[in-house]
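For reference, the structure is listed below as structure tokens.
The values are calculated or read from the model by the stated rules, or taken from the named source; none is laboratory data. This structure is a prediction, so every number in the text was calculated from the model and none was measured. Every residue, glycine among them, receives a Cβ derived from its backbone with ideal geometry; neighbour counts consider all protein chains shown. To get the accessible areas, we keep the full protein, side chains included, count just its heavy atoms, and leave off ligands, DNA and RNA. Shrake-Rupley method; radii C 1.70, N 1.55, O 1.52, S 1.80 Å.
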Amino acid sequence: MLQKRKAIRSKAITQAARGESCSVCGKISETTVFCHLNESWAGKSLSKKADDIAGFFGCNECHKQYDSVPMGLDRWEVMRAMYRTWRRLYELGIITIKGAE
């Protein structure tokens, strides 16, 4: 039997977007928020957001582009933005990697 998936939630991750530059366009904006992925494999469902590790820092304009149908951002732009966000979260000490120097 499949176990029910428990969502990963972290206020530290979502609140870290404040004051950060957009991971897509690089613009520093007061509108930058943590943008959750719209993918079921990342935990997204009809009534739930994706995990808090599955997303990127995005300004209002880039967030709108990502949420538009069809998606206004290329998949590689989303993956690059997510990597940039993970890297920034690592630099801020919000996420850690065992054995990293």
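Before moving on, here are some points about what is shown:
- Residue in the stretch 53-69 that is among the aliphatic types (A, V, I, L, M) and in contact with a His (Cβ under 8 Å, 6 or more places away or on another chain) present: yes
- Test: residue in the stretch 59-68 that is assigned to a loop (DSSP other than H, G, I, E, B) and over 13 Å from residue 33 (Cα atoms): yes
- Selected residue (criterion: nearest to the chain's Cα centre (by Cα)) from residues of the stretch 52-74 that are at pLDDT below 90 and of a type outside the set (Ser, Thr, Tyr): 52
- Residue match in the stretch 70-80 (condition: hydrophobic (A, V, I, L, M, F, W, C), in a helix (DSSP H, G or I) and surrounded by 14 or more Cβ atoms within 10 Å (Cβ to Cβ)): yes
- One residue stands out among those in the stretch 14-48 that are under 11 Å from the mean Cα position of the chain (by Cα) and more than 17 Å from residue 88 (Cβ to Cβ): the one that is most open to solvent (accessible area, probe 1.4 Å), which is 38.
- Of all residues in the stretch 52-63 being crowded, with 20+ Cβ neighbours inside 10 Å and out of contact with any strand residue (DSSP E or B) (no Cβ under 7 Å at 6 or more places or on another chain), the one that is farthest from residue 93 (Cα to Cα): 62
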